[in-house]
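Novice: Sharing a structure, written as structure tokens. Questions coming.
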Amino acid sequence: MSVGLVFFGLWTLTQAVSDGVFDIFFCRVPTLLAALYLNVPHAGTLLLLTDSDVFEVKRACGGSDFFVIVTAMVTWYYLKRARPLTGLLILMAPLWLLVNLVNSMRIVALVWVHALSAEVVPERFLGSLHLASGVLIFFPALLGVWWACKKVWEVEDERQTGESTLS
């Protein structure tokens, strides 16, 4: 039940915050990281690729849903160990940073996909490419977080009980 509360509470919170606050936490950081990687200038939530080509990270591209999903999964593993919910607050900052790093990778992938497909793919299909590149980045990252949680906490269980839970 706690996991459901965390999931829906965080989702509601991310949907309810103002655009300015949302931009600070979920749009500006990945834009900055993507700009550093691509070695291009940025202004707030804008990547200035060329004089005429600007890429904007909007609320829909903020990665907040991924943050909610990752936090819910980590919460489940954390509470499965009968730990207090308040200790989970310590994990929020690293999870937020991880989500922003993954989202910056997605932004870089989107810039590349757009550059490669703009001349070949009709404009009406660019949204599908946007979605596909998001899935190709976020899904493996989610699997990585799942694997890390499983490995860390099951190895900890093995140390406490002396029985192997990993196959």
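Novice: Among (1) at pLDDT 90 or above; (2) closer than 20 Å to GLY44 by Cβ, there is one condition LEU98 misses while meeting the rest; what is its number?
Specialist: (2)
Novice: Another one. Suppose we filter TYR37, TYR77 for residues that are at pLDDT below 90 and hydroxyl-bearing (Ser, Thr, Tyr); which single one remains? Before you say what the answer is, go through the steps one by one.
Specialist: Numbers: TYR37 fails: at pLDDT below 90.
The unique qualifying residue is TYR77.
Novice: A follow-up question, please. Which pairs have Cβ atoms under 6 Å, sit 6 or more apart or on different chains, and link a residue in segment 124-149 that is free of Cβ contacts under 8 Å to residues at least 40 places away in the same chain to one that is charged (D, E, K, R) and surrounded by 13 or more Cβ atoms within 10 Å (Cβ to Cβ)?
Specialist: Close Cβ pairs (under 6 Å, with a partner that is charged (D, E, K, R) and surrounded by 13 or more Cβ atoms within 10 Å (Cβ to Cβ)) amount to GLY134/ARG106; ILE137/ARG106.
Novice: Answer yes if at least one residue in segment 107-118 is among the polar types (S, T, N, Q) and modelled with pLDDT of 90 or more, and no otherwise. It would help to see each step written out before you state the result.
Specialist: Step one: of segment 107-118, the residues among the polar types (S, T, N, Q) are 117.
Keeping just the survivors that are modelled with pLDDT of 90 or more gives none.
No, the conditions are met nowhere in segment 107-118.
Novice: Exactly one condition in (1) out of contact with any helix residue (DSSP H, G or I) (no Cβ under 6 Å at 6 or more places or on another chain); (2) in contact (Cβ under 8 Å) with a residue 12 or more places away in the chain; (3) not charged (D, E, K, R) is not met by ILE24; state its number.
Specialist: (2)
The values are calculated or read from the model by the stated rules, or taken from the named source; none is laboratory data. Since we're looking at a predicted model, the values are computed, not measured. Cβ sites come from the backbone with ideal geometry, for glycine too, and all protein chains shown count toward neighbours.
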